[in-house]
């Protein structure tokens, strides 16, 4: 496990040369190409010939999901600290207070070694992307052995920049408003549940719907309707 000081150092030494020209999509998936340029770890033993490592790939951001503290506590994969934070939010704002969950997938593609210092290489890549009018690519200079920390720093900052616009668009459509039925869930959650009911009628596994209702804590509100799915069959 990396020392916390190394992680902080990697984050502090990371700087974005070129940000994407668009924010994360509110109602769809966003695929961002990334170029992380670093000074190779062997640079100290070959100081006379500057080289750069260029790691290229894609970060795929799934459609932002509306969640509540109660729902988040029923998801798997978070740390103990995260679940404690969800409980804190539930106590402070209520179990059905709406929030936005962002999920990412990193698809590393290739790594190249190029002649020249990282800043020069990063600027060259950035200029090429501008010439090609590529709006969904990011170029950054990071730390070689902790390049993924550099990438995570960008993801955090980019998400923070996008969240304000995403939340505003969701509010404009009323998707964060509480529903009078089903215990006051956000309207976006009700839409999601309705969509899943339709998908089950078309062949989707009903157990997935059952788990979703349990995560929201609303199975009792939908129990009769859920059981009717089987009676119809």
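Read-outs throughout are calculated quantities, based only on the coordinates presented, and are distinct from any laboratory measurement. Keep in mind that what you see is a predicted model, and the values were worked out from it rather than measured. When we count neighbours, we look across all protein chains shown, and the Cβ atoms used for this are built from the backbone with ideal geometry, even at glycine.
Structure notes:
- Computed FRET value (nearest 0.05) for residue 85 with residue 224, which takes r as the C-beta separation and R₀ as 35 Å: 0.50
- The stretch 111-203: proportion of alpha-carbon pairs further apart than 21 angstrom, %: 60
- q = 0.16, 0.18, 0.21, 0.33 Å⁻¹: log10 I(q)/I(0) that the Debye formula gives for the stretch 60-107, counting C-alpha atoms only: -0.45, -0.56, -0.72, -1.21
- Each residue of the stretch 26-98 gets 154 Å³ once the volume of the Cα convex hull is shared out per residue.
- At R0 = 35 Å, FRET efficiency that the Cβ-Cβ distance of residue 49 and residue 12 yields, to 0.05: 0.85
- Rough spin-label spacing in nm, given labels placed 7 Å along Cα→Cβ, for residue 131 and residue 62: 3.9
- Full-extension gain in nm, residue 76 to residue 93, via 0.36 nm per residue minus C-alpha separation: 3.9 nm
- Working ranking of peptides 72-79, 170-177 by packing, defined as the average number of other Cβ atoms within 10 Å per residue, highest first, is 170-177, 72-79.
- Two-decimal log10 I(q)/I(0) for the stretch 182-232, as the Debye equation yields it once each C-alpha is a single scatterer, q = 0.13, 0.15, 0.18, 0.28 Å⁻¹: -0.26, -0.35, -0.51, -1.21
- Linear extension gain, residue 42 paired with residue 202, 0.36 nm per residue minus alpha-carbon span: 51.9 nm
- Percentage of interatomic Cα-Cα distances in the chain larger than 26 Å: 51
- With both labels modelled 7 Å from their Cα along Cα-to-Cβ, the residue 4 to residue 105 distance reads 3.3 nm.
- Protection proxy ranking, highest mean first, for peptides 118-125, 216-223: 118-125, 216-223, where packing is the per-residue count of other beta-carbon atoms within 10 Å, averaged.
- When shorter helices are ignored and each DSSP H run of at least 4 residues is given -39500 (n - 2.57), the per-residue value for the chain at 222 nm works out to -15000 deg cm²/dmol.
- Taking a ≥ b ≥ c as the square roots of the eigenvalues of the Cα gyration tensor, the stretch 41-157 is classed as prolate, since a/c reaches at least 1.5 and a/b is larger than b/c.
- Cα centroid separation, the stretch 176-233 to the stretch 69-126 (Å): 27
- Semi-axes of the equivalent ellipsoid of the stretch 160-207 are 26, 15, 8 Å, computed as sqrt(5λ) over the eigenvalues of the C-alpha gyration tensor in descending order.
- Mean sequence separation of contacting Cα pairs (under 8 Å, at least six apart), scaled by the length of the chain, corresponds to a relative contact order of 27 percent.
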